[in-house]
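Report on one structure; see the data block that follows.
The values are calculated or read from the model by the stated rules, or taken from the named source; none is laboratory data. Predicted, not measured: the structure shown is a model, and the values here were computed from it. We place every Cβ from the backbone using ideal geometry, glycine too, and count neighbours over all the protein chains shown. To get the accessible areas, we keep the full protein, side chains included, count just its heavy atoms, and leave off ligands, DNA and RNA. Shrake-Rupley method; radii C 1.70, N 1.55, O 1.52, S 1.80 Å.
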Amino acid sequence: MKQGIPKQIKLFKFAFRSLIFSQTYKVKDLPRIRDLVSNQDSTVDVKLSFNLEYGRIPCIKGEIKLDLALTCQRCLDEVKLHLEPKFQLAFVQNEQQGEELDSSFEMILSTEDEFSTIEFITDEVLISIPMTPMHGYECVSYQNTQLINKQKRENPFAILEQLKTTKE
Ligand SMILES: [Zn+2]
């Protein structure tokens, strides 16, 4: 049976019971991400399933679906990205334990048994965001002049600011 995701992940307990959760969040619920994007009210669908491998290694298999409106690093306009990070994590106590698992698992060396769900989801989303988000087309070649004009208009004091700093 599917149920909403608790605020705290209790790793061993959830894995022991093979629990499956799903929940829809908003982008603004994700700390560290909400300030990077302009689509705060967009939905974030999360599915997490827990299980114990070999009866003792807790694992989380997850799938997140979301859209993020980020700033294009080429033209500085908005760029919408659809992200679907999927992950299969095994929480091992030591490296030897990890050697028993097959390579489809990403190993997390951790002794922490309880952690914040929203921080965990945020981490997985952050990893999936490209380092330099950009439009899939040559956005800057024809927007170059437009962009410079726009910047001047939005920032009328930039020039004054420059003059001030040169005087000092
Ligand atoms: Zn662009």
Requested in this report: List the residues whose amide H sits under 5 Å from the amide H of Glu106, counting only those 5 or more places along or on another chain, with H placed 1.01 Å from N in the peptide plane.
Outcome: Gln88, Leu89, Ala90
Query raised in the report: How do 69-80, 127-138 rank on mean C-beta neighbours within 10 Å, highest first?
Result: 69-80, 127-138
Query raised in the report: So for the pair Ser22, Glu78, with labels modelled 7 Å out along Cα→Cβ, what separation do we get in nm?
Result: 2.8
Query raised in the report: Amide H neighbours of Leu19 under 5 Å, counting only residues 5+ apart in sequence or on other chains, H built in-plane at 1.01 Å?
Result: Phe50
Query raised in the report: What accessible area per residue comes out for region 1-142, rounded to a whole number of Å², with a 1.4 Å probe?
Result: 58
Requested in this report: Taking H placed 1.01 Å from N in the peptide plane, check which residues at least 5 places from Val44 or on another chain put their amide H under 5 Å from its amide H.
Outcome: Tyr25, Lys26, Val27
Query raised in the report: Going down the table (Lys10/Lys47; Lys13/Lys86; Lys7/Lys80; Lys28/Lys80; Lys26/Lys80), which pairs top 18 Å between alpha carbons?
Result: Lys13/Lys86; Lys7/Lys80
Report summary line: Of every hundred units of 1.4 Å-probe accessible area on region 8-137, the number belonging to carbon and sulfur atoms, as a percent, is 49
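Contact order normalised by length for region 8-137, with contacts defined as Cα pairs under 8 Å and 6 or more residues apart; what percent is it?
25
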